[in-house]
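Colleague: The structure under discussion is supplied below as structure tokens; questions concerning it will follow.
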Amino acid sequence: MDVMKLLRRPSAFLPITMSLLALGLVIGHISLYGIAPEHDEGAVAHAFQLLIAAQLPIILFFAMRFIHKELQNSITIIGLQMFAALMALMPVWYFSL
């Protein structure tokens, strides 16, 4: 099984999609409201936190299910999932949101 075929599995592409959604939320919030400190966390912050936290069980399921069958391809996809999550977290860290 190659990487693209394995990437069609929901447990492979869902964390990447969730990270892209979280990144879109952050970019949208920054473009609308700027990076000024806020008094209270809003719905966007809570949605971001849920999207990031909900990825972990999906990634663990993917690892348990496929890492013993397709070691190299699974590691590649887990690396993509981690890269996507880091890209979503980067603006939050950089702008101290």
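The values are calculated or read from the model by the stated rules, or taken from the named source; none is laboratory data. Computed from a predicted structure; not experimentally measured. All Cβ positions, glycine included, derive from the backbone under ideal geometry; neighbour counts span all protein chains shown.
Colleague: Among what's in region 8-66 and is among the aliphatic types (A, V, I, L, M) and not in a helix (DSSP H, G or I), pick the residue that is farthest from A85 (Cα to Cα).
Modeller: Across region 8-66, the extreme among qualifying residues is A36.
Colleague: State which residue is surrounded by the most Cβ atoms within 10 Å (Cβ to Cβ) when the search covers only region 80-97 and only residues that are in a loop (DSSP other than H, G, I, E, B) and among the hydrophobic types (A, V, I, L, M, F, W, C).
Modeller: L97
Colleague: Still on this structure: Out of all the residues in region 1-40, which are within 20 Å of L60 (Cα to Cα) and of a type in the set (S, T, N, Q)?
Modeller: Correct list: S11, T17, S19.
Colleague: Could you list, ordered by first residue, the pairs with Cβ atoms under 6 Å in which the first is in region 59-70 and touching a residue at least 40 places away in the same chain (Cβ under 8 Å) and the second is surrounded by fewer than 16 Cβ atoms within 10 Å (Cβ to Cβ) and of a type outside the set (F, W, Y), at least 6 apart or interchain?
Modeller: Matching pairs, first to second residue: E70/M1.
Colleague: Any residue that is closer than 18 Å to V3 by Cα, exposed (fewer than 11 other Cβ atoms within 10 Å of the Cβ) and small (G, A, S) - is there at least one of those in region 71-79?
Modeller: Yes, region 71-79 contains a residue that is closer than 18 Å to V3 by Cα, exposed (fewer than 11 other Cβ atoms within 10 Å of the Cβ) and small (G, A, S).
Residue-by-condition table, conditions (1) at pLDDT 95 or above; (2) under 23 Å from M4 (Cβ atoms); (3) of a type outside the set (A, V, I, L, M):
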residue	(1), (2), (3)
T17	yes, yes, yes
L21	yes, yes, no
Y33	no, no, yes
E38	no, no, yes
E41	no, no, yes
A47	yes, no, no
I52	yes, no, no
K69	no, yes, yes
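Colleague: Does I27 qualify as being touching a residue at least 24 places away in the same chain (Cβ under 8 Å), of a type in the set (V, I, T) and surrounded by 13 or more Cβ atoms within 10 Å (Cβ to Cβ)?
Modeller: no
Colleague: Still on this model: Name the one entry in A45, A36, A22, A12 that is more than 10 Å from the chain's Cα centre (by Cα), surrounded by 13 or more Cβ atoms within 10 Å (Cβ to Cβ) and under 15 Å from F95 (Cβ atoms).
Modeller: Checking each option against the conditions leaves just A45.
Colleague: So, one more: Criterion first (aromatic (F, W, Y), out of contact with any strand residue (DSSP E or B) (no Cβ under 8 Å at 6 or more places or on another chain), surrounded by 16 or more Cβ atoms within 10 Å (Cβ to Cβ) and within 17 Å of F13 (Cβ to Cβ)) does F66 satisfy it?
Modeller: For F66, the condition - aromatic (F, W, Y), out of contact with any strand residue (DSSP E or B) (no Cβ under 8 Å at 6 or more places or on another chain), surrounded by 16 or more Cβ atoms within 10 Å (Cβ to Cβ) and within 17 Å of F13 (Cβ to Cβ) - is met.
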